Structure formats: structure tokens, C-alpha cells
1. May I ask you to evaluate 6.51 cos²θ - 1.76 cosθ + 1.60, the Karplus curve with θ = phi - 60°, for each residue of the range A:119-136 and list the ³J(HN,Hα) values in order in whole Hz, giving x for glycine and proline?
2. Kindly express, to the nearest 10 degrees and within the range 0 to 90, the angle between helix B:22-32's C-alpha long axis and the longest C-alpha principal axis of chain B.
3. With charges only on Cβ, +1 for K and R and -1 for D and E, what is the dipole size of the protein assembly as shown about its Cα centre, in debye, rounded to 20?
4. Using a cut-off of 14 Å between beta-carbons, work out the net charge of the residues near A:F122 (Lys and Arg +1, Asp and Glu -1, A:F122 not included).
5. Apply the Kirkwood formula to the range B:4-154: the hydrodynamic radius equals the inverse of the mean of 1/r over all pairs of different alpha-carbon atoms; give it in Å with one decimal.
6. When the Kirkwood hydrodynamic radius is evaluated over all pairs of different C-alpha atoms of the protein assembly as shown, what value in angstrom, to one decimal, is obtained?
7. Could you compute the net charge surrounding A:S81? Neighbours are other residues with a C-beta less than 12 Å from the C-beta of A:S81; K and R count +1, D and E count -1.
8. How far is the Cα center of the range A:1-31 from the Cα center of the range A:109-142, in Å?
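Values quoted throughout were computed directly from the atomic coordinates according to the rules given, and no laboratory measurement underlies them. Note that the coordinates shown come from a computational prediction; the quantities given were computed from them, not determined experimentally. Here the Cβ positions follow ideal geometry from the backbone for every residue, glycine too, while neighbour counts run over all protein chains shown.
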Amino acid sequence: MTLTFEDFLPGRFGTFGPRHVSRDEILEFAAEFDPQPMHLDEEAARKSMLKGLSASGWHLCSIMMRMLADGFIARTASLGSPGVNEVRWLAPLRPGDDLMLEVDVLEARPSRSRPETGIVTFKSTARNAAGEALCEMTSPIIVGRRAEAAG
Amino acid sequence: MRFFEDIKVGDRREIGSFTFTAADIKTFAAKFDPQRFHLDEEEGRKSLFGGLTASGWHVGSVFMKLSVADFQRQAKELAARGERVAVWGPSPGFRELRWIRPVLAGDTISFVGEVIAKRASESRPGWGILQGRNAGTNQRGEEVFSILATAFVPMRETT
């Protein structure tokens, strides 16, 4: 069954994963979108503030998007997102890490401009296998309401 | 890249442009954001967006790609003038990312950045924190993307 606005209540929505992240995909994403030495070159990465090879923060966010899509957005009446309130990159994503994604609903409110939809704001936290938080993302998604509620 | 002391609030810079092809949009979406309006032209036309639309994370990643190319251009310009090139630190994150309008297949987006705040870092002596408002505009002059980005930038005197 497709999830609608009414299915998103404040609190923990779910935990998704694990998603294994390989060295090859870190290098491939960095080569295309973020070719800084700390994401591409072991030696340069060791000397950087992050002290070792790490994934682009945009790669981590994109993987979190995929985990959200596979976790529930693909079966949600999603109409897209207007943006992201905040992303905090807290610790580096390393080659070989297995990510888990915790998803909380912070707020769910009906849209004033489009009464057949609502805006659900999620906080998603990506953690490595040791439980360390790597990234926190706060972002709204526009979700369709059940037909009877929209009238 | 420039040092913290050499950067002024109000400094503006053209970061670069990128044309999103249908193939680019689908390749990115298949890996990271497999929603129907990012994967299929017909589904895009039927959606709120009105056409095959790039994932917002694709637009953000292209903004990063153009920013890195611009960093490298600036580093070359500084080195050519015999000036020292600063190595910037990793970004702690961003705020207020806005996907204002859809980026449709064939759109060319041009990005511009402006420094809006700078301060010394409390946690990392010798480093400053810059905030920049960066915006992307399509070929029709419509703003499609905006982000308040943060970066750690080294100070000249301590490095």
C-alpha cells in the first residue's frame, strides 16, 4: 500500500540499511563530482584534516537519498522536496563502511497552498557500523494526502 | 585558494555552468534517487515538475563539481602570480539548500557564489569559517538552486 501524509507521525519512523560503501564507488563519485585530493588520493588524504581517504559529503548525502528511496519514499505518495534545511557532516565516511540510516519524523503539517498534500520534515542520521554519527540531514518532503482527507 | 585574511564579505565569483542531459539525469537517478520523475520523460511530464527532472542531489553534486574546478582555477592563478596557495579544510555542512525550480533535461545552470560572513574558528585555532550564499540560474534567468555553504579556511599567519 502506498504511504500517504497520514502515515507519518512525529517520532522514530524507521531504521534502514545496512548499505556497504566500497572504495571503488568512493573514488568513482569523487572523480566525477568532487575531485579533491582527500577523496581521491591515499597519501594526500592521510595528510588532510580527515586523516585518511573519505567519501565526498555529497556522495554520502546521495547514498542517504538512495537509502530513503529504498526504505520508504519509493512506496510513498512523494511529490518531491523543496530543499534541505540543514546537513551536518560530522565524521568521514570511509571505504568499506556499512551505513545504517535512522529516520525520525520531526513534523508533519498539511500544506496551505495545496490542501491535497502535506509537508513532512524528516531528520535522517547516517551511522557507521561502530554507531558513530557521520551525517545528520533535516529535510522536508511533500507527500500526498488520502483522498477523503483532502476534500 | 586564498587565505582567510584575503577574503572579504561581499566577494562574488562566477563558479561555472553545466548542461544537464537526459542521459546524465537518468544515470545519477538510477544510482541515487530512483524516483519516477527522475528516470522517465513521460513520468516527468505527468509530475508537478512538467518534464524529466534532475535529482536535487544531482544538482548539488554538480555545484560541488564546478566549485572544485573553480578552486583549481584559482589555485593556478595564485601560483602563476607567485603567491602562496591555501589548502582549505573540509566543510562541516550546509544550510538552507533550496530546490527552487526543477532542473529539466537540456537546462544549462550557471552558479555564482558570494561570501556573506567570516569569523575565526573557536574550535580550530589558525582557521576561519566562511559562509557563502551560492545560487544557480537557468538559461531563462530563473533561479533554480540556492545553498548557504560553510568552509574551513586557513589563516595566513599561522600556516
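1. For the range A:119-136, the Karplus-derived couplings read 10, 10, 9, 10, 10, 10, 10, 8, 10, 7, 5, 7, x, 6, 6, 9, 7, 10 Hz, x marking Gly and Pro.
2. It works out to around 70 degrees.
3. My answer is approximately 580 debye.
4. Its environment carries a net charge of -3.
5. 16.7
6. By the Kirkwood definition, the hydrodynamic radius is 20.4 Å.
7. Summing Lys and Arg as +1 and Asp and Glu as -1 gives 0.
8. Using only Cα atoms to place each centre, the spacing works out to 11 Å.
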